[in-house]
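The values are calculated or read from the model by the stated rules, or taken from the named source; none is laboratory data. Predicted model, so just to flag it, every value in this text is computed and none were measured. Cβ sites come from the backbone with ideal geometry, for glycine too, and all protein chains shown count toward neighbours. Accessible surface areas use protein heavy atoms only, side chains included; no ligands, DNA or RNA. Shrake-Rupley method; radii C 1.70, N 1.55, O 1.52, S 1.80 Å.
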Amino acid sequence: MTGKGLESVEVGESAISFVEGAQGRLSFRGYPASELARALCYESVVHLLLRGSLPADDPPREIDAELRARRPLPAGALAVIEHLPPGAAPMDALRTMVSALDGHAFPYPPTETQGLELIARTPTLLAAFERRRHGAPPVDPDPGAGHVTDYLGMLEGRRPEPERARALERYFILLADHGMNASTFALRVVLSTQSDLLSGATTGIGALKGPLHGGAPAKAVEMLDAIGRPENAEEWIRAALARHERLMGFGHRAYKVEDPRAEALREIARGTARPERFRLAEAVERTALRALREAKPRERIYTNVEFWGGVVLEAVGLPRDLFTPTFALARTAGWAAHALEQAADNRLIRPDVRYVGPRDLHLPPGAIAGRRSD
Ligand code: ACO
């Protein structure tokens, strides 16, 4: 018998990222994620996750060149975007667009090239979708821009200010991987059947979409809007908890202390958000932590990555419904690394379940006869 929701169950082994929930530490291939986010570019973290070691150069020459070369969309991708239903939510659109990338180029087993293709193309797809829904033509990738800078450039149609691009790049690095989170597990289940990387990635996108995983950051900033001023925080939060609502951006299955990504993102938000927005977020966080301690004294609920992640993405200027799809773009690096790791030592993931339904029932004699009308 295992814990509900597979809590604390080790489903295998991985050498990609290490989540130390009790200590509030996260490392990628042994290096603290917050240190990587301060020092390196996203392409170097892609190198680290996929190849297992730091590159000799930052950006890494080979991986950087491969990512740049793969950013342009294959023929037909824009036609898929044209045919998406008007008003499609960006996360749904991303799932469909990834699914429609050329499946023949992604046969099982997954390869590093396939992983780089997934990482490189998803920002171009999402940016083209975003522009098309506002009636603007897509912007071609700029081979002179880095991965994250180019994502913003393709969204906005102009080269972003370096500070804004760097804030987003640090966000991308911090969210690039995270142990056996729900979307990564879902992807690994799909890969374990010897299905392909695109099928795994679309499954990962589906899992990430839910508010208990990656769907919380827009809701966290909506909470800030609803609270409006620091002095309203106490009453608003206590009323929400009295209604048994969950505060978005708080609590984590693995961390029983502060999520180290929340700490890093708070510092990024301090440097990028408008001062009054930052002060409001700090006041809401303080009040929420106190109220959660009182309302749930047995749970250890702290700020998670989504609260300050939402504040950072807002400060960078992204529309709210791009927050979770942008999280997905950052996570493609982790998904690709996990797909490679799963395939390298694969066994079908097929757990058991304790059956609790009725047994040994039988249809009464004649129960079926005469029922059908056709
Ligand atoms: N607000 C209010 N209560 C909470 C919160 C919260 N944010 N988080 C947990 N709790 C309470 C639950 O209501 C529950 O109390 P109860 O037993 O009295 O009903 C108790 O704490 C345990 O909750 P579980 O859902 O069992 O805890 P779990 O470890 O599975 O939860 C989760 C993790 C799903 C993230 C949860 O904390 C949550 O729903 N948070 C809000 C949504 C959110 O921020 N999602 C983003 C997560 S980060 C990421 O995936 C990238």
*For the range 314-336, enumerate the residues that are touching a Pro at 6+ places or on another chain (Cβ under 7 Å) and surrounded by fewer than 17 Cβ atoms within 10 Å (Cβ to Cβ).*
321
*Enumeration of residues in the range 221-235 that are more than 13 Å from the ligand (Cβ to nearest atom) and either over 17 Å from residue 303 (Cα atoms) or not charged (D, E, K, R) (or both)*: 224, 225, 226, 227, 228, 229, 230, 231, 232, 233, 235
_Condition broken by residue 272, with the remaining ones in (1) within 14 Å of the ligand (Cβ to nearest atom); (2) β-branched (Val, Ile, Thr); (3) touching a residue at least 60 places away in the same chain (Cβ under 8 Å) satisfied_ = (1)
*Residue check for residue 288: more than 16 Å from residue 248 (Cβ to Cβ), modelled with pLDDT of 95 or more and surrounded by 14 or more Cβ atoms within 10 Å (Cβ to Cβ)*: no
*Of all residues in the range 128-138, which are open to solvent by 50 Å² or more (accessible area, probe 1.4 Å) and of a type in the set (Phe, Trp, Tyr)?*
none
*Out of 187, 126, 118, which single residue is closer than 30 Å to residue 348 by Cβ, within 18 Å of the chain's Cα centre (by Cα) and more than 16 Å from the ligand (Cβ to nearest atom)?*
118
*Hits in the range 7-24 - residues which are open to solvent by 50 Å² or more (accessible area, probe 1.4 Å) and more than 10 Å from the ligand (Cβ to nearest atom)*: 8, 9, 10, 11, 12, 13, 14, 15, 18, 22, 23
_Filter pass, residue 40 being open to solvent by 20 Å² or more (accessible area, probe 1.4 Å) and at pLDDT below 95_ = no
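Only residues that are crowded, with 21+ Cβ neighbours inside 10 Å and either away from the ligand (no atom under 13 Å from the Cβ) or of a type in the set (Gly, Ala, Ser) (or both): list them for the range 256-265, please. Before you say what the answer is, go through the steps one by one.
First, the residues of the range 256-265 that are crowded, with 21+ Cβ neighbours inside 10 Å: 259-262, 264-265.
Listed by number, the residues that qualify are 262, 264.
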*Within the range 75-108, how many residues are open to solvent by less than 40 Å² (accessible area, probe 1.4 Å) and part of a loop (DSSP other than H, G, I, E, B)?*
4
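Determine whether residue 68 is under 21 Å from the mean Cα position of the chain (by Cα) and open to solvent by 50 Å² or more (accessible area, probe 1.4 Å). Walk me through how you get there before you give the answer.
On the way: under 21 Å from the mean Cα position of the chain (by Cα): no; open to solvent by 50 Å² or more (accessible area, probe 1.4 Å): yes.
Considered against the rule, which asks whether it is under 21 Å from the mean Cα position of the chain (by Cα) and open to solvent by 50 Å² or more (accessible area, probe 1.4 Å), residue 68 comes out as no.
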*Name the one entry in 258, 231 that is of a type in the set (D, E, K, R) and in contact with a helix residue (DSSP H, G or I) (Cβ under 9 Å, 6 or more places away or on another chain).*
231
*Residue within the range 298-313 that is crowded, with 24+ Cβ neighbours inside 10 Å, among the aromatic types (Phe, Trp, Tyr) and in contact (Cβ under 8 Å) with a residue 24 or more places away in the chain present*: yes
*Which is of a type in the set (Lys, Arg), open to solvent by 20 Å² or more (accessible area, probe 1.4 Å) and more than 11 Å from the ligand (Cβ to nearest atom), of 277, 246, 253?*
277
*When you go through 79, 37, 100 one by one, which is the residue that is more than 24 Å from residue 166 (Cβ to Cβ) and touching a residue at least 12 places away in the same chain (Cβ under 8 Å)?*
100
_Please determine whether any residue of the range 305-324 is modelled with pLDDT of 95 or more, in contact with a strand residue (DSSP E or B) (Cβ under 7 Å, 6 or more places away or on another chain) and within 11 Å of the ligand (Cβ to nearest atom)._
yes
